[in-house]
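Below is one structure, written out as structure tokens, with a few remarks after it.
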Amino acid sequence: MIDSVNYWMDTALAEAREAFRQKEVPVGAVVVLDGVLLGKGFNRTRSLADPTAHAEIIAITAACQAIGSERLKDADIYVTLEPCVMCAGAIVLARISRLYFGVHDQKAGGCGSVFDIVREPRLNHLVEVYPGIHADEAHILLDEFFKELRDKNENSSSQC
């Protein structure tokens, strides 16, 4: 079990690295069912000018299209950053069974840090949550991205 968790989180991290290369916030996600990759994605909010184009939404959409259903019962999702409230809601609506994520998001996390949508007992579906998977690697990517962004902003403002 641990080997497959590591494998799929490594796959999500590869998606996050692609987001980084494309100057998007480096978050990656993959949806897996019975050991088969159904969908993958990375943040594309900037390139698509779409605030809903989060890695999780892209991966869930691809997975649903792959199986021809809006339900992903018994599927797992691996995400490098704790999903926000929007993505947590999509995970619940898709009926994904298990969420594995890397870094907690203390500002916008919807899966335990700020809110806990995926384990809200009043909803009609609960998700098992496994945080901290490859958290160091995910954290480093996010830190590097935001450091580069800050450095770029400081350099551009000093040229004015």
Restricting the range 1-28 to residues that are in a helix (DSSP H, G or I) and among the polar types (S, T, N, Q), the residue that is nearest to LYS40 (Cα to Cα): THR11
Answer from VAL129, VAL114 - the residue that is within 23 Å of VAL5 (Cβ to Cβ) and among the β-branched types (Val, Ile, Thr): VAL129
Subset of the range 16-43 that is more than 20 Å from VAL127 (Cβ to Cβ) and in contact with a Pro (Cβ under 9 Å, 6 or more places away or on another chain) - its residue that is most open to solvent (accessible area, probe 1.4 Å): ARG17
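The values are calculated or read from the model by the stated rules, or taken from the named source; none is laboratory data. In this text, all values refer to a predicted model and were calculated from it rather than measured experimentally. Because the Cβ atoms are built from the backbone with ideal geometry, glycine has one as well, and the counts that use them run over all protein chains shown. Surface accessibility is based on the protein's heavy atoms, side chains included, excluding ligands, DNA and RNA. Shrake-Rupley method; radii C 1.70, N 1.55, O 1.52, S 1.80 Å.
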